[in-house]
Amino acid sequence: MSDLKLVNLRNNNLLSNQKLSVTKLQELVEAKAEEVFGLRIIASKYVINNNANEIIETLALDENYVLVIIEYRSGKFSKLINKGLVYVDYIKGNISKFKMLVNDKLGLEEGKRVKFNPRLIIIGDDFNKYDEYAIKQMNIDIDLIKYQMFDKAYLLFEKNYQSLTVNHQLFTFKFPNRESHSLYRLISDFT
C-alpha cells in the first residue's frame, strides 16, 4: 500500500458525520479492502475460543499470501495493539484451525500458499508516539494506518507507521529505513 489512499464515498450514502463509528469503519474497509489495501477478506468478526469477547475484527490475506489481522481503533489511547498481539499468538498456536478456515474460503490448492505468520494492521483516527515506540520493540510486522474524513464524501487512509522488521522461519531482518524495507517487499513479490 502506498502511504496515502483516498476513497470517494459520495455515491455510497453511508456517512452522516465526520466521525466514523468503529463498525462503520470496518464495513467501509472490508468493502474496499482489495481496491485500497490489496487484501482479500477471509473472515469478519471471527470469534476465537468460543468467547464472544474475543473477536478478530477482520481476517484477510495480502498479495503475498500472508494472513493479516485488521483491528479498528477510535481515539488515541486504547490497548488495541496488545489485543492484536494476543490474536497473532492465537493464530500461531492454532494454525490447523486457521488452515481449515482458509482452505474453506480459498480452496486447498490456494490455501497451501498461505503463510500463517500474521501481519497486524491497526486502522484508527489517531495514534500517539508511544504506539510507534512500542511497535519498534516488537518482532512482528505491524502497520498503523490513520484515517480522516473530508466533506462527508472522502475517506483518506494514511500509513502512519510501518514496522521495519520482516520475520522468516530462520532469520529476522531489521531494516535501517523505509526505502530498504520497501525494496525488500518489492523484490519478495517476485520470488
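The values are calculated or read from the model by the stated rules, or taken from the named source; none is laboratory data. In this text, all values refer to a predicted model and were calculated from it rather than measured experimentally. Neighbour counts are summed over all protein chains in view; Cβ atoms, including those assigned to glycine, are modelled from backbone coordinates with ideal geometry. Only protein heavy atoms, including side chains, enter the accessible area calculation; ligands, DNA and RNA are left aside. Shrake-Rupley method; radii C 1.70, N 1.55, O 1.52, S 1.80 Å.
Miscellaneous remarks
- Residue in the range 148-168 that is modelled with pLDDT under 85, open to solvent by 30 Å² or more (accessible area, probe 1.4 Å), closer than 23 Å to Ile48 by Cβ and not hydrophobic (A, V, I, L, M, F, W, C) present: yes
- Residues that are under 18 Å from the mean Cα position of the chain (by Cα), buried (at least 17 other Cβ atoms within 10 Å of the Cβ) and either modelled with pLDDT of 90 or more or not in a helix (DSSP H, G or I) (or both) do occur in the range 107-114.
- Residue match in the range 33-52 (condition: closer than 24 Å to Glu158 by Cβ, open to solvent by 50 Å² or more (accessible area, probe 1.4 Å) and out of contact with any helix residue (DSSP H, G or I) (no Cβ under 9 Å at 6 or more places or on another chain)): yes
- Taken together, the residues in the range 56-84 that are over 14 Å from Leu120 (Cα atoms) and touching a Phe, Trp or Tyr at 6+ places or on another chain (Cβ under 8 Å) amount to 1.
- Checking each residue in the range 78-96 for being out of contact with any strand residue (DSSP E or B) (no Cβ under 9 Å at 6 or more places or on another chain) and not acidic (Asp, Glu) picks out Lys79, Asn82, Val86, Gly93, Asn94, Ser96.
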